[in-house]
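The values are calculated or read from the model by the stated rules, or taken from the named source; none is laboratory data. Keep in mind that what you see is a predicted model, and the values were worked out from it rather than measured. Ideal geometry is used to build each Cβ from the backbone, glycine not excepted, and the neighbour counts take in all protein chains shown. Accessible surface areas use protein heavy atoms only, side chains included; no ligands, DNA or RNA. Shrake-Rupley method; radii C 1.70, N 1.55, O 1.52, S 1.80 Å.
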2 protein chains.
Amino acid sequence: MWFVYTETPTAGTTAPVRASERAYRQLRGEILDGILPAGTGLLEIEQSARIGVSRTPLRAAIARLIADGLVAGRPGRGFMVTEMSMDSIRELYEVRRALEEHAARIAADRRDPAVFLALRDQFLAAPELLAQGETGLHRYYDLIDEFDDAVDEAVANPFLVGALATVRTHLARIRRLARGNPARLRAAAAEHLLIIDAIIAGDTSLAAHATHVHLQQSLTNVLAAIQGQPTGPVA
Amino acid sequence: MWFVYTETPTAGTTAPVRASERAYRQLRGEILDGILPAGTGLLEIEQSARIGVSRTPLRAAIARLIADGLVAGRPGRGFMVTEMSMDSIRELYEVRRALEEHAARIAADRRDPAVFLALRDQFLAAPELLAQGETGLHRYYDLIDEFDDAVDEAVANPFLVGALATVRTHLARIRRLARGNPARLRAAAAEHLLIIDAIIAGDTSLAAHATHVHLQQSLTNVLAAIQGQPTGPVA
DNA sequence: CGTGCATTCTATGTATACATAGGAGCTTCA
DNA sequence: TGAAGCTCCTATGTATACATAGAATGCACG
């Protein structure tokens, strides 16, 4: 059982050799994609059988998910995918604002202009990208990831980057809600351009304020999107 | 082996029944107190034997410590207590500033005045407390914990409180350095009073700025303390 | 018919056995 | 004598067996 490779080693990406890593990535991905909706009970035996690992590595995976805040241990029985209420989203954005504003400020101070100049060109082309349907959307989100990575690298602060990573993990669960709103995505791209310009200019204050504006707009949009689809709690 | 209670259930405090919880608390406490200095290698077998639990719960404890950032898995072999360089301390305070300023701002907006009025009286008595030697020092730190808890409760934001908890965990490792500097502690108490007054007054801006000042003073003091004791990396 | 208790069952917590990978040390050859 | 390769050893990663606690359910009694 422990030497059966059902999947060929993915070229380019480092294949997770450890079973606990596989279980973690799969569960995390499924939670973020909404395949495992909020409130879903995670039974060790059930999940370990489904994923194809033993209970021991699965427990390690669950432990990491708990640390991420994606899973909570229920007092009495088992574990469950954490809920994401509208209040939670507001709370998340409250922290996000503090961290991203601070990060933008620092990034504007320590950035390598060349990196953000290159990003600027890509964001300028974002509207065309968003007109290309699903694949363009995917590349747009990749672009945002690149921007986040560039900020992380400029900030050069493991603690801050780590805190941001936690926030972004939860954000990924919410991001799905903004899908199918091209107008908002184009606006967001324009807001990103403002932030990037401020960072390139080394204008710390403007970078922070532009980030504040962007996040406020983002939050408003997300909350409106939830109101629009009254399917109860967010996956 | 699994039914031997070497310690009587601590009155008042909930005794951790799970072995993984015991291992986690002990290791965490020892790291925070410097008993396990930075760079110490943690071997599963060795530590599990020392603490008196099996490898399985110990692994769970290690996993939590990794999530806390107190322990890092080394690429090749084993785990080790993370280092705390002077740069790390600066980075930590950079995040701390962002989070605590934001928290102070929110607390000033949402606080229950009665709670902070009570804290105010206690902080007013802090100088006398600090004159009482070791026990007074201990009660002073408890007082700061109470203040932090009050802020957490006023903030009422699990994400922000969680991020603050992470920062404070690392701060606890550093705090030992300020010991034996009564002048600084008295000054810190005065700075706390300023923050508390701002929170009571509902002055969000002042609360944030007073927090900024306090943290800057704290950082300066910590860095100076490290310079004073050139024992290399901080425990 | 409702409530309380006991039983059973299930899922987690723990311990341990085994496989494997990576490093340290030794040996050997140039 | 130095470097390279091999071997052994150690510590982690994984699987599984077992004990236990808590909850759900069914039964009995009021």
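Observations, loosely collected:
- Scaled to the globular estimate 2.2 N^0.38 Å, the Cα spread of the protein assembly as shown, given as radius of gyration, is 1.05.
- Computed from Cα atoms, the angle from the helix B:133-155 axis to the main principal axis of chain B rounds to 80 degrees.
- Rounded tilt (10° steps) of A:158-175 against the dominant C-alpha axis of chain A: 80 degrees
- For segment B:19-81, the Cβ-based charge dipole about the Cα centre amounts to some 160 debye (Lys, Arg positive; Asp, Glu negative; other atoms uncharged).
- For residue B:139, the distances from its label point to the matching points in the remaining copies are 6.8 nm, ordered from shortest, with each point set 7 Å beyond Cα toward Cβ.
- Modelled spin-label separation between residue B:224 and residue B:183, with each label point placed 7 Å from Cα along the Cα-to-Cβ direction: 0.7 nm.
- Chain A - Kirkwood radius from inverse mean 1/r over Cα pairs (Å): 19.4 Å
- Computed on protein heavy atoms with a 1.4 Å probe, the accessible areas place A:153, B:101 in the order A:153, B:101, largest first.
- Scattering profile of segment B:82-206 at q = 0.15, 0.18 Å⁻¹ [log10 I(q)/I(0), Debye over alpha-carbon scatterers]: -0.73, -1.04
- Our estimate of slack between residue A:54 and residue A:153, defined as 0.36 nm per intervening residue step minus the Cα-Cα distance, is 32.0 nm.
- Nm distances between copies for residue A:90, ranked from closest, using label points 7 Å along Cα→Cβ: 3.9
- The C-alpha atoms of chain A define a longest principal axis, and helix A:204-228 lies at about 50 degrees to it.
- Top positive-direction residue, dipole computed over the protein assembly as shown with Cβ charges, set B:202, A:107, A:47: A:47
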